[in-house]
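Below: the structure, in structure tokens.
The values are calculated or read from the model by the stated rules, or taken from the named source; none is laboratory data. All of these numbers come straight from a predicted model, not from anything done at the bench. Methodologically, a virtual Cβ is constructed for each residue, glycine included, from the backbone with ideal geometry; neighbour enumeration extends over all protein chains shown. The area values use the complete protein model at the heavy-atom level, side chains included, leaving out ligands, DNA and RNA. Shrake-Rupley method; radii C 1.70, N 1.55, O 1.52, S 1.80 Å.
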Amino acid sequence: MTTPHRRHRRGRLAAAGGLTAAAMAIALAVPAQAAGSTLQAAAAETNRYFGTAMAAHYLNNSGTMNIVNREFNMITAENEMKMDAMQPNRGQFNWSSGDRIVNWARQNGKQVRGHALAWHSQQPGWMQNMSGSTLRTAMLEHVTGVATYYRGKIHSWDVVNEAFADGSSGARRSSNLQGTGNDWIEAAFRAARAADPGAKLCYNDYNTDNWSHAKTQAVYNMVKDFKSRGVPIDCVGFQAHFNSGNPVPSNYHTTLGNFAALGVDVQITELDIEGSGNSQGEQYRGIVQACLSVARCTGITVWGVKDSDSWRASGTPLLFDGNGNKKAAYNYTLDALNAGGTAATPGGQTGPQPTQQPTQQPTQQPTQQPTANPTTPPPTGGGTCTATYSEGQKWNDRFNGNVTIRANGNIRSWTATVVLPYPQYVTSTWNGSPTWPASNVMVMRPAGSGALASGQSASFGFTVQHGGNWTWPTVTCSAS
């Protein structure tokens with residue numbers, strides 16, 4: 001007899017050194033905008049999603065479903081689309097529970113993350129004792145069957161889940177799937193692409209949050225290898241299960257950014273943080289700010305709705321208490337989403353990735369915003385421009401810089417070059433379109449029309465992580 005709701009099974013989270021989110025949060029300066037009143041609305045301001053895991057039994061609880069419908073626009077089935085639920089007997093697929101979730105989501109304007117096609121755990125009994133080519137064939141049949149059935153209905157598939165071992169070895173996890181050959185992960189991704197070519201294909205794992213950890217590096221190297229050889233991988237999922245023994249690491253943003261720089265999207269897929277009150281809220285805020293700082297971090301999913309439904313219920317790790325009331329962590333999360341950041345650009349480019357994280361959160365967000373470019377361009381060009389730098393708000397570990405571009409004669413557009421002294425790097429920008437020809441050089445161009453009449457000006461800004469060097473960057477301007 002099976003229970004109506006099985007907890008999402010995990011091993012004990014390995015302890016990892018880290019700081020509170022207050023010690024890792026990133027200052028994000030953006031133009032003022034209307035605040036979203038729900039998580040999904042606030043996330044949409046930067047073109048991201050905010051999702052939740054849900055179990056089929058949630059559909060029988062109107063209170064929980066009201067929260068799901070109001071707050072979230074991405075849905076992950078907690079257990080109903082895993083291998084044992086989808087194919088309880090070989091060749092006999094059971095779509096009923098998965099369909100309940102997928103159909104509800106689509107009928108209510110939500111997207112769906114498919115979780116998970118291939119995993120060493122929660123395999124059906126008939127598969128658990130298989131090995132070798134027989135298991136490989138069965139695994140690929142499962143991936144193909146499930147992905148084909150839901151083709152066109154899934155935003156992202158967790159194609160392979162938790163294939164690397166914890167600890168310092170950086171090795172693959174010993175499992176029956178690994179025993180079929182080291183190329184099993186690649187084979188699963190190729191099968192998933194063939195079956196559902198429109199979906200994002202993700203590798204998903206836990207304890208890959210700290211950039212310095214061997215497990216993180218091992219996954220990074222696999223993704224780098226896949227991208228170099230054309231293996232179809234589109235995204236990496238970071239489960240983000242945190243507690244007092246495994247807090248949010250200080251280099252979380254570095255991890256997300258470095259993976260994104262490989263040319264994949266990054267998604268926070270199973271977020272929950274044990275704790276309570278403002279301390280828990282600060283860590284949630286730090287996670288949101290880290291995602292908002294990376295253009296290819298396309299969304300966040302929390303692993304459940306109410307604390308009482310969580311697989312870690314005793315740790316009260318979610319955004320709503322057992323009665324469905326918003327917790328402090330909810331308010332911190334919503335505020336961080338509304339503070340904004342780098343707009344998500346799936347498939348786009350990211351800037352240079354820092355090698356260390358900010359160490360202190362500013363006491364408040366910057367409030368001064370640069371002026372916008374003029375809306376009416378002058379008819380001719382031929383002038384020059386000057387760039388003037390002024391320092392904005394300062395904190396212990398970073399400062400804001402503002403640059404004013406002034407037209408000396410009519411210009412069609414402008415380009416500014418910002419050179420930062422070592423070890424400074426830029427963590428966020430606003431009112432411009434940046435590129436990075438070198439790690440310490442940022443070239444800023446207008447986000448829209450750069451045309452200025454003689455005497456007119458435009459401004460842009462950026463936040464600098466100074467690394468102990470408070471020297472101002474140098475700024476020059478060229479016009480066309």
The relative contact order of the chain, taking Cα pairs under 8 Å that sit 6 or more residues apart, comes to a percentage of 16
By how many nm would the segment from R229 to A214 lengthen if fully extended, with 0.36 nm per residue of separation less the alpha-carbon distance? 3.1 nm
Roughly what % antiparallel, to the nearest 5, for the DSSP beta bridges in the stretch 107-253? 10
Quickly rank 190-200, 164-174 as a protection proxy: mean count of other C-beta atoms within 10 Å, highest first. 190-200, 164-174
Based on the Cβ-Cβ distance from N61 to T435, what FRET efficiency comes out when R0 is 51 Å, to the nearest 0.05? 0.55
For S433, which sequence-distant residues (separation of 5 or more, or a different chain) have an amide H within less than 5 Å of its own amide H, given hydrogens modelled in the peptide plane? R445, A447
Here the stretch 37-49 yields Karplus 3J(HN,Hα) values (6.51, -1.76, 1.60; θ = phi - 60°; whole Hz; Gly and Pro given as x) of 8, 10, 4, 5, 5, 5, 5, 5, 4, 10, 6, 10, 9
Taking every DSSP beta bridge with both residues inside the chain, roughly what % is antiparallel (nearest 5)? 55
Which links in K110/K326; K82/K215; K110/K327; K200/K224; K82/K327 stretch past 27 Å when you go from one Cα to the other? K82/K327
Just to verify a number: FRET efficiency for S175 and Q92, C-beta to C-beta distance, R0 = 30 Å, to 0.05? 0.80
Any chance you could run the full-extension gain for N325 through A35? It's 0.36 nm times the residue separation minus the Cα-Cα distance, nm to one decimal. 102.4 nm
Before rounding to the nearest 500, sum -39500 (n - 2.57) across all DSSP H runs of length at least 4 in the chain and divide by the residue total; then give [θ] at 222 nm in deg cm²/dmol. -7500 deg cm²/dmol
Between helix 277-292 and the chain, what is the angle of the helix's C-alpha long axis to the longest principal axis, kept within 0 to 90° and rounded to the nearest 10? 70
The answer for the net charge of residues other than A53 whose Cβ lies under 11 angstrom from its Cβ, with Lys and Arg +1 and Asp and Glu -1, is -4
Under a 5 Å amide H to amide H cut-off, with H placed in plane at 1.01 Å, what residues pair with M74 once short-range neighbours are removed? F50, G51, T52, Q111
Could you list which residues have their amide H under 5 Å from that of Q393, counting only those 5 or more apart in sequence or on another chain, with H placed in the peptide plane? N400
Nearest 10 degrees, 0 to 90: what angle lies between the long axis of helix 62-71 and the longest principal axis of the chain (Cα atoms)? 30
Between T474 and N278, how high is the FRET efficiency from 1/(1 + (r/R0)^6) when r is the Cβ-Cβ distance and R₀ = 56 Å? Nearest 0.05. 0.90
Roll a 1.4 angstrom probe over the protein heavy atoms and tell me the percent of accessible area of the chain that is carbon or sulfur. 48
So, by mean Cβ neighbours within 10 angstrom, what's the order for 420-430, 44-54 with the highest one leading? 44-54, 420-430
Sequence-separation-based contact order of the stretch 125-257, relative, with Cα cut under 8 Å and 6+ spacing, percent: 27
Run the numbers for R70 and E391: contour at 0.36 nm per residue of separation, minus the present Cα-Cα distance, in nm. 111.4 nm
